Amino acid sequence: MEYYNYIKSLHLIFVITWFAGLFYIPRLFVYQIEAFHKASPEKEILGKQLKLMAKRLWFIITWPSAILATIFAVLLLVIQPFWLEQGWMHVKLTFVVLLFAYHFKTHHIFKQLQNDVVKWTSNQMRLWNEGSTLILFSVVFLVILKNSINWIFGVIGVFALAIILMLGFKIYKRYRAKKNEE
């Protein structure tokens, strides 16, 4: 029990670094996709450098952080198993499953781009980039609020945030299109 706060601190640190990787990797994917459509030699130079950056971020920061965050989370639940009896924890763990699904799909996209297989547009990847943001907001509200009525409002707030992000994305897309026309 005396180690609980140390384990919790380590869990939070690795959750933060995991999310940092999940926030940045799709941005690198956007640049990779855009570089893929450039003319030589810019395409090859940028592509090689962006692949290296993505590989380092993914395997040196993001994957290890995901694994360590999970290990420390399991340790926390072993030390405090009563958390598993809480309704908010069930919802949080559902979001964690969604986070892993997002992570695995991002890994799939990573492997494709490392092999010069481009199936997404840069705009689609910008939208994909918001997935981890929505999960983060949901989990933070759940963990902080815990009360069922409050976390319900928190989740509703996350959906409102998703709508705002989509509107912002559409406005940015129009801005880019207008800028490219000039």
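The values are calculated or read from the model by the stated rules, or taken from the named source; none is laboratory data. As the structure is a prediction and not an experimental result, all values here were calculated from the model. Cβ coordinates were reconstructed from backbone atoms using ideal geometry, including for glycine residues, and neighbour counts include every protein chain displayed.
On the basis of being more than 13 Å from the chain's Cα centre (by Cα), under 23 Å from Tyr31 (Cα atoms) and modelled with pLDDT under 90, does Asn123 make the cut?
Yes: the conditions hold for Asn123.
Quickly run through segment 38-56 and pick out the residues that are of a type in the set (D, E, K, R), surrounded by 13 or more Cβ atoms within 10 Å (Cβ to Cβ) and part of a helix (DSSP H, G or I).
If the condition is that a residue be of a type in the set (D, E, K, R), surrounded by 13 or more Cβ atoms within 10 Å (Cβ to Cβ) and part of a helix (DSSP H, G or I), then Lys43, Lys51, Lys55 are the ones that fit.
Would you check which residues across segment 162-182 are surrounded by fewer than 12 Cβ atoms within 10 Å (Cβ to Cβ) and of a type in the set (Ser, Thr, Tyr) and list them?
Matches in segment 162-182: Tyr175 only.
Of all residues in segment 1-37 being among the aromatic types (Phe, Trp, Tyr) and surrounded by 14 or more Cβ atoms within 10 Å (Cβ to Cβ), which is farthest from Leu76 (Cα to Cα)?
Across segment 1-37, the extreme among qualifying residues is Phe36.
Can you run down the residue pairs with Cβ atoms below 7 Å, 6 or more apart or on separate chains, where the first is in segment 3-14 and closer than 17 Å to Val139 by Cα and in contact (Cβ under 8 Å) with a residue 12 or more places away in the chain and the partner is among the small types (Gly, Ala, Ser) and part of a helix (DSSP H, G or I)?
Short answer, once both residue conditions are applied: His11/Ala69; His11/Ala73; Phe14/Ser65; Phe14/Ala69.
Do the conditions hold for Ala66, that is, is it surrounded by 17 or more Cβ atoms within 10 Å (Cβ to Cβ), closer than 22 Å to Ser9 by Cα and aliphatic (A, V, I, L, M)?
Against the criterion (surrounded by 17 or more Cβ atoms within 10 Å (Cβ to Cβ), closer than 22 Å to Ser9 by Cα and aliphatic (A, V, I, L, M)), Ala66 qualifies.
Name every residue in segment 68-88 that is in a helix (DSSP H, G or I) and in contact (Cβ under 8 Å) with a residue 24 or more places away in the chain, in order of residue number.
Across segment 68-88, the qualifying residues are Leu68, Ala69, Phe72, Ala73, Leu75, Leu76, Ile79, Gly87, Trp88.
Picking from Val117, Val97, Val140, which residue would you name as being in a helix (DSSP H, G or I) and touching a helix residue (DSSP H, G or I) at 6+ places or on another chain (Cβ under 9 Å)?
The conditions single out Val140.
When you look at Val158, is it in contact (Cβ under 8 Å) with a residue 24 or more places away in the chain and outside any helix (DSSP H, G or I), yes or no?
Taking the combined requirement at face value, the residue does not satisfy it.
Across segment 37-79, which residue is nearest to Thr17 (Cα to Cα) among those that are among the β-branched types (Val, Ile, Thr) and more than 20 Å from the chain's Cα centre (by Cα)?
The qualifying residue nearest to Thr17 (Cα to Cα) is Val74.
Between Leu84, Leu76, Leu99, Leu93, which is surrounded by 15 or more Cβ atoms within 10 Å (Cβ to Cβ), more than 30 Å from Ile45 (Cβ to Cβ), at pLDDT below 95 and out of contact with any Pro (no Cβ under 6 Å at 6 or more places or on another chain)?
One residue alone meets the criteria, Leu93.
List every residue pair whose Cβ atoms sit under 7 Å apart, with the two residues 6 or more apart in sequence or on different chains, where the first one lies in segment 120-131 and is surrounded by fewer than 18 Cβ atoms within 10 Å (Cβ to Cβ) and the second, anywhere, is modelled with pLDDT under 90.
Asn123/Lys173; Leu127/Phe169; Glu130/Leu165
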